[in-house]
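The values are calculated or read from the model by the stated rules, or taken from the named source; none is laboratory data. Predicted model only: the values in this text are computed from it and were never measured. So basically every Cβ, Gly included, is an ideal-geometry build from the backbone, and we count neighbours across all protein chains shown.
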Amino acid sequence: MTQHFIVIGNPIAHSKSPAIHEQFARQVGADISYQRQYCPADDASFIAVVEAFFCGGGVGANVTVPFKQTAYDCCAARGGLSDHAKTAGAVNTLLINKALVAKGASIAEAIYGDNTDGQGLVNHIASLGWPLADARVALIGAGGAARGVILPLVEAGIDTLTIANRTVSKATDLVKELSDTSPVIAAKKIESCATSELSGAFDIVINATSIGLSGDTLPLDNNLNCQYAYDMMYGRALPFLQHFAARDAQVSEGYGMLIGQAALSFERWTGHTIDVAKATESLSQKS
Ligand code: NDP
């Protein structure tokens, strides 16, 4: 029987998720349908779409801009949240908490939220052969994407983390908030600063800002150096990566993170393990 999945967003027409999940399904021989689901940008519409989907037999949903926080609130009040979703303060993967249904909850009461974005990034970095254990990492940005990768980076065994942001107070508040809620993060040495003040040698520098959308460039210090530079953005020329490539760093854009987070969602929903490298190769041959 066909298993049904959707990705909910606004806008949504550009989403690559259907092609990615269809590739996964081909790889493991699963019978799925994965559709883009447009939703008006208000909480009530989101809840209506999600309830209609799951009550109609849907198996899993991805959530993208601007609904990740709404999805978090929805799941917090219903079927619960994974640790990664709790730390991220955002949900990108919805499924039904079957244990709650077995105890008598309705489907609508059992909608559960996870967040696979951060682990998708960590898995992609590992697949590139960039060592995370004991790494000195700088993370630029303090929005939703940055927030979601902090716990997975710490769990991957990094040595130090410096969070830089245009608005320094947001980086400082983020470090404090996450340290207060997660003992694993509290045990890690995490500093914060303004992006323009980020300087010195790091193993890995990650751009988790949305600046790539604007065409602007980050104010990067001349004395900021790294072996590896990663931009979560993808599919366009990225001045951040050009900056570090010119300084002999190895660089990567974030398409592998997108496939990595999708693979983790697919695995949660279907129980199938995805060969991400093989899927990435097949997808790149098609694009
Ligand atoms: P948010 O809007 O939550 O955060 C934006 C961040 O970018 C803030 O830190 C903000 O700084 C900073 N920023 C925005 N414009 C500028 C600028 N002109 N100069 C300096 N800093 C700027 O966005 P998200 O965290 O949700 O997303 C960030 C990026 O990550 C997006 O490009 C998104 O596409 C990408 N992403 C990629 C994924 C993947 O799978 N590859 C998954 C998730 C996200 P300030 O606080 O000062 O405003």
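The figures follow:
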read-out	value
Matching option when the condition is assigned to a loop (DSSP other than H, G, I, E, B), within 14 Å of the ligand (Cβ to nearest atom), farther than 17 Å from residue 186 by Cβ and within 14 Å of the chain's Cα centre (by Cα), among 142, 146	142
Any chance residue 210 is surrounded by fewer than 20 Cβ atoms within 10 Å (Cβ to Cβ) and near the ligand (Cβ under 10 Å from one of its atoms)	yes
Qualifying residue in the stretch 97-110 (condition: more than 12 Å from the ligand (Cβ to nearest atom) and either assigned to a strand (DSSP E or B) or closer than 22 Å to residue 159 by Cβ (or both))	no
Residue 52, sole failed condition from (1) part of a loop (DSSP other than H, G, I, E, B); (2) without any contact (Cβ under 8 Å) to a residue 12 or more places away in the chain	(1)
Whichever residue in the stretch 234-255 is over 22 Å from the mean Cα position of the chain (by Cα) and of a type outside the set (Asp, Glu) and, among such residues, is surrounded by the most Cβ atoms within 10 Å (Cβ to Cβ)	244
Selection count where residues are among the β-branched types (Val, Ile, Thr), away from the ligand (no atom under 16 Å from the Cβ) and either over 25 Å from residue 282 (Cβ atoms) or outside the structural domain of residue 106 (by TED's automatic domain parsing) (or both), scope the stretch 14-68	3
Candidate set: the stretch 213-233, residues that are of a type in the set (Ser, Thr, Tyr) and in a loop (DSSP other than H, G, I, E, B); chosen: the one surrounded by the fewest Cβ atoms within 10 Å (Cβ to Cβ)	214
